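S.K.: Mind looking over this structure? Questions follow.
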Amino acid sequence: MSILKFIQKLLKIKGYHVIDFTFNNWCKELWLEVKPHKNGARCPKCNRRGKIIRIFDKPRVWWDVPVCGKDVFLVYRPREINCRRHGRVQENIPWAAQHARVTYRFEFLLLSYCAVMTQKAASKLLKISTSTLSDMLHRTITMVRKDHRIKGLTHIGIDEISYCKGRKYATIVYDLKRSCVLWVGLGKGRETIDRFFAEELSAFQRRQIVAASCDMGQAYIRAIEHWCPKATLVLDRFHVVKALKAAVDEVRKEQWREADKESRLDPIKKFVETVRTHRHRLLPFVENRLTNAIAEGLNRIIKIVKNRASGFRTLDAFSDMIFLTVGDVDIPGQIPARFRTL
Ligand SMILES: [Zn+2]
């Protein structure tokens, strides 16, 4: 076996050849000169073969996954082709996205790391800055989720969560049957949830929803009643219990303050009033056992992700991590076998 073939097999390089290699920077870096397997060059937009016009003088360099602590770089001089539909374009590069400086498998490795560790830890392992990592992660997840549509939604859950200090909120929509997150929207309240129903679901899909679960906030209740009038609305029992606990706490505090007087139990009365108002929305829980427990479970995972990162500055960064860990698309599962390194 030739040394080039050995490198090719060792690094599991498929679809292109290694034609030369050098060790640089006191052997810390392995530079591989590569070329695509097939002779023809294809258009990156339509994937049709195009006539080769010229070879670029300047080679391009892509960062690949590190091997035994050594950074690996791929070097290649791309060709310019003439596509019948798109004119003069740089040929499609089989190992990397069009303008990327890293290979697909580097991006996918990063994705697998981020699913199990903080972005900070992943950036340290891959020797890139956290902001670069965050950008790459966003690009890869957007690419994998592109053209994805919500399917078969019958049981919907809606909740809100803060993703950053300073009262920045996001609304999260769950598929309670499949235990996953479908949508993350900036803000909370009616406007945000209306956006989901109007933009993400068709009229047919809205009619297919048979049950919906949310907290006692009027915004979500009104939105569900408006968009899915046929759905059984079930208020989340966890939020009811939370409201009762808050009422009991309030009574305790009052008793503490007015140790001598007899307390009027006003907060409890208020709680009973709330339960009475929502009675018709609480009782369905007993019948069909639909509960936000699944959403609560997912929420717990989301909170772990959030605390692990000590909050997120942007909603994009937050929703990327939600979709990566509890999203409706198995993102690591979408990685083509030839780009897997783990
Ligand atoms: Zn084309």
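S.K.: For the subset of the stretch 138-168 comprising residues that are in a strand (DSSP E or B) and β-branched (V, I, T), which member is modelled with the lowest pLDDT? Steps first, please.
M.R.: Of the residues in the stretch 138-168, the ones in a strand (DSSP E or B) are 155-164, 168.
Imposing the further condition that a residue be β-branched (V, I, T) reduces the set to 156, 158, 161.
Working: I156: 91, I158: 91, I161: 88.
Among those residues, the one meeting the criterion is I161.
S.K.: Under the condition of being more than 30 Å from G40 (Cα to Cα) and without any contact (Cβ under 8 Å) to a residue 24 or more places away in the chain, which residue from the stretch 92-116 is farthest from the ligand (Cβ to nearest atom)?
M.R.: Restricting to residues being more than 30 Å from G40 (Cα to Cα) and without any contact (Cβ under 8 Å) to a residue 24 or more places away in the chain, the top hit is V116.
S.K.: Looking only at the stretch 169-187, which residues are buried (at least 18 other Cβ atoms within 10 Å of the Cβ) and modelled with pLDDT under 90?
M.R.: Within the stretch 169-187, L176 is the sole residue that qualifies.
S.K.: Based on this model, can you work out whether C46 counts as in a loop (DSSP other than H, G, I, E, B), more than 26 Å from M136 (Cβ to Cβ) and either modelled with pLDDT of 95 or more or not assigned by TED's automatic domain parsing to the domain that holds R139 (or both)? First the steps, then the outcome.
M.R.: Working: in a loop (DSSP other than H, G, I, E, B): yes; more than 26 Å from M136 (Cβ to Cβ): no; either modelled with pLDDT of 95 or more or not assigned by TED's automatic domain parsing to the domain that holds R139 (or both): yes.
No.
S.K.: A follow-up question, please. If a residue must be buried (at least 18 other Cβ atoms within 10 Å of the Cβ) and more than 16 Å from the ligand (Cβ to nearest atom), how many such residues does the stretch 12-49 contain?
M.R.: 7
S.K.: Please find, among I52, I81, the residue that is more than 32 Å from the chain's Cα centre (by Cα), buried (at least 21 other Cβ atoms within 10 Å of the Cβ) and within 16 Å of the ligand (Cβ to nearest atom). Lay out the reasoning, then the answer.
M.R.: Details: I52 fails: buried (at least 21 other Cβ atoms within 10 Å of the Cβ).
Exactly one of I52, I81 is more than 32 Å from the chain's Cα centre (by Cα), buried (at least 21 other Cβ atoms within 10 Å of the Cβ) and within 16 Å of the ligand (Cβ to nearest atom), namely I81.
S.K.: Let me ask something else. With the structure loaded, tell me whether F339 is among the aromatic types (F, W, Y) and in contact with a strand residue (DSSP E or B) (Cβ under 9 Å, 6 or more places away or on another chain) or whether it fails that test. If you could, list the steps in order and put the result at the bottom.
M.R.: Values: among the aromatic types (F, W, Y): yes; in contact with a strand residue (DSSP E or B) (Cβ under 9 Å, 6 or more places away or on another chain): no.
So F339 does not fit the description; no.
S.K.: Same structure, new question: Mind checking which residues of the stretch 206-222 are out of contact with any Gly (no Cβ under 9 Å at 6 or more places or on another chain) and assigned to a helix (DSSP H, G or I)?
M.R.: Correct list: R206, R207, Q218, I221, R222.
S.K.: Go through the stretch 208-253 and count every residue that is farther than 16 Å from T171 by Cβ and touching a Phe, Trp or Tyr at 6+ places or on another chain (Cβ under 7 Å).
M.R.: Residues flagged as farther than 16 Å from T171 by Cβ and touching a Phe, Trp or Tyr at 6+ places or on another chain (Cβ under 7 Å) within the stretch 208-253 amount to 5.
S.K.: Report, by residue number, each residue of the stretch 84-125 that is surrounded by fewer than 21 Cβ atoms within 10 Å (Cβ to Cβ) and of a type in the set (K, R).
M.R.: Result: R84, R85, R88, R101, K120, K124.
S.K.: Return yes when V89 is more than 10 Å from the ligand (Cβ to nearest atom), of a type outside the set (G, A, S) and in contact (Cβ under 8 Å) with a residue 24 or more places away in the chain and no when it is not. Before the answer, list the steps.
M.R.: Numbers: more than 10 Å from the ligand (Cβ to nearest atom): no; of a type outside the set (G, A, S): yes; in contact (Cβ under 8 Å) with a residue 24 or more places away in the chain: yes.
No, not satisfied.
The values are calculated or read from the model by the stated rules, or taken from the named source; none is laboratory data. Computed from a prediction, not measured in an experiment: that's the story for all the values here. When we count neighbours, we look across all protein chains shown, and the Cβ atoms used for this are built from the backbone with ideal geometry, even at glycine.
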